[in-house]
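Below: the structure, in structure tokens.
The values are calculated or read from the model by the stated rules, or taken from the named source; none is laboratory data. Everything quoted here is computed from the prediction, not taken from an experiment. Cβ sites come from the backbone with ideal geometry, for glycine too, and all protein chains shown count toward neighbours.
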Amino acid sequence: MKIEPDSIILSGEGSLQRQLYQALRQPLLSGLWPSGALLPSSRVLASELGLSRNTVNAALAQLVAEGYLQGQPGRGYCIITQLPDHFFQAHGFQAHAFQDSHRFSTSNNKQTVANTSIPIQPATPHKTGLLEPGVPDLAAFPYRIWQRLLQRHADRPKLGVGSDVLGYLPLRQALSLYLQQSRQVHCNEQQILITAGAQQGLYVAAMLVAARGDQVLMESPGYGRLRQALQLQDLQIEYLDASGAEGISAEALTNYHDCKALFLTPGHQYPMGGIMPLPQRLAILQWARQQGCWLVEDDYDSEFQFKHRPIASLQGLAQGEGVIFVGSFSKTMQPALRLGYLVAPVALIRRAAEIVQAIHGDVPLLTQAALADFISEGHFSRHLRKMRKLYQHKQQLAQQLAAQYLPDWRLSAMHAGLHLVLLCPETMLPDFDGPRLLQQLAAQGYAPAPLSKYQFNGEQQAGLVIGIANLSHAELERGLQLIAAFQHSS
Ligand SMILES: Cc1ncc(COP(=O)(O)O)c(C=O)c1O
């Protein structure tokens, strides 16, 4: 089958590249165009739709990167994904039954203090370690603009008292547009809850869909503080191997039958960097639908993809059904702002607001108001574009330096994000003394994270997760030299 150019209709809203991307993606998702169908050539598309070849090629390249199309030499672009007919018929999802009595039962014994083994991060006022993962380039933040926006709202009496527990409405409106356009999230402002960072979003998501003793799944290697949030709620955690280039595999899921939620980072697996291709996403969505298992998509840094534009969200692919989407402003803005968001189906969002009201109350309004303007006045998109280029450059530099100083170490998480994973060479493994290396690095102001901190399933791979965003070329080079010197001395 050949797709006729006439059947491709641009919406007239947003950039031309985005309009074409949407116009091609929509019929694909709705199953209108079958697998194997051929698109018109980029030359025909450009002339029929009155677009430049660059615009057309960029939209096609994004759809190739997301796994919808395949370029075939001499034939053009062919559709390679067919969605199952029942794909959009969501069923089987239930919010957790909150009346569960065991959940709220209190002990009638003598008072006790819960015994947890969750470590608390030591206070490091106003200072981050070099190579510390997760920290954006703080010097590149547009402080002047931010200050101006804060000042604009600082003397508004209305912001002096709390408001909607879901969050400041203009921020939710601006965010909803941004998420629809940039992450293809299926939402409106009534489905968004502004949280104190993605961390709170993950905690609330777990409370929404699971209760004490329930089984939930998360990735390993994975995000330690998610694990803490799940442990704190006494959930039974099972770990899925996420070390491959595509994140967790749908096959591994067939071993699980009674899970309330699967927490995952499909846009950019944390920390190993896998980017989940479309067939894998579809298989996971299908499994989750069959099982009635919620997916909690942690989209903590997907804005920073370097090979192509960010891959569209899993939530959008599911048309918002059965997926709770959690995001953060820690990487795109600053971690200390403590701003994030949770997007949930309407049926859950009221309960999410109740939870936040009970555990925290709403997020400070002044920063929400400044951020709303920052996004709606275009500063956010500009900042993201600038930072994407900067981080891409820093990633390349880090990889070059790693090749120079640590040639026998393997690298992972190279195509996106603010960190890089350095995997220790096999030959070094028997003698690798991770704690001593970390100690030596700390003495010089460096604070990379050991890979073991992210491994919960008994994995043996030794390595380091290094932040590449918040340090200079010279500091990065020196950090890698220190690691190399340790390797050669041991
Ligand atoms: C994978 C992942 N999820 C969630 C978070 C939490 O982000 P926030 O700072 O918004 O709480 C982080 C922070 O580093 C992260 O790396």
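Brief remarks follow.
- Restricting the stretch 341-372 to residues that are closer than 27 Å to Ile275 by Cβ and crowded, with 24+ Cβ neighbours inside 10 Å, the residue that is nearest to the ligand (Cβ to nearest atom): Tyr341
- Residue match in the stretch 187-202 (condition: at pLDDT 95 or above, part of a loop (DSSP other than H, G, I, E, B) and either within 16 Å of the ligand (Cβ to nearest atom) or assigned by TED's automatic domain parsing to the domain that holds His419 (or both)): yes
- Selection status of His257, crowded, with 24+ Cβ neighbours inside 10 Å and assigned to a loop (DSSP other than H, G, I, E, B): no
- Candidate set from the stretch 209-252 (those that are closer than 24 Å to Leu278 by Cβ and of a type in the set (S, T, N, Q)); member that is farthest from the ligand (Cβ to nearest atom): Ser249
- Qualifying residues in the stretch 321-337 (those that are near the ligand (Cβ under 10 Å from one of its atoms) and small (Gly, Ala, Ser)) - the one surrounded by the most Cβ atoms within 10 Å (Cβ to Cβ): Gly327
- The residue list Ile483, Ile466 contains one member that is surrounded by 13 or more Cβ atoms within 10 Å (Cβ to Cβ), part of a strand (DSSP E or B) and either in contact with a strand residue (DSSP E or B) (Cβ under 8 Å, 6 or more places away or on another chain) or at pLDDT 95 or above (or both), which is Ile466.
- Within the stretch 1-56, tally of residues that are within 32 Å of the chain's Cα centre (by Cα), among the polar types (S, T, N, Q) and assigned to a helix (DSSP H, G or I): 7
- Asp301, sole failed condition from (1) within 14 Å of the ligand (Cβ to nearest atom); (2) in contact with an Asp or Glu (Cβ under 7 Å, 6 or more places away or on another chain); (3) closer than 25 Å to Gly14 by Cα: (2)
- Residue check for Arg212: part of a helix (DSSP H, G or I), out of contact with any Gly (no Cβ under 7 Å at 6 or more places or on another chain) and surrounded by fewer than 22 Cβ atoms within 10 Å (Cβ to Cβ): no
- Checked against (1) touching a residue at least 40 places away in the same chain (Cβ under 8 Å); (2) more than 21 Å from the chain's Cα centre (by Cα), Asn255 meets all criteria but (1).
This table checks each residue for (1) in contact with a Gly (Cβ under 9 Å, 6 or more places away or on another chain); (2) charged (D, E, K, R); (3) closer than 20 Å to Ala369 by Cβ.
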{"residue": "Pro157", "(1), (2), (3)": "no, no, yes"}
{"residue": "Ser176", "(1), (2), (3)": "no, no, yes"}
{"residue": "Gly197", "(1), (2), (3)": "yes, no, yes"}
{"residue": "Ala206", "(1), (2), (3)": "no, no, no"}
{"residue": "Gly222", "(1), (2), (3)": "no, no, no"}
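- Of the residues making up the stretch 184-205, those that are out of contact with any strand residue (DSSP E or B) (no Cβ under 8 Å at 6 or more places or on another chain) and either within 19 Å of Pro310 (Cα to Cα) or surrounded by fewer than 24 Cβ atoms within 10 Å (Cβ to Cβ) (or both) number 5.
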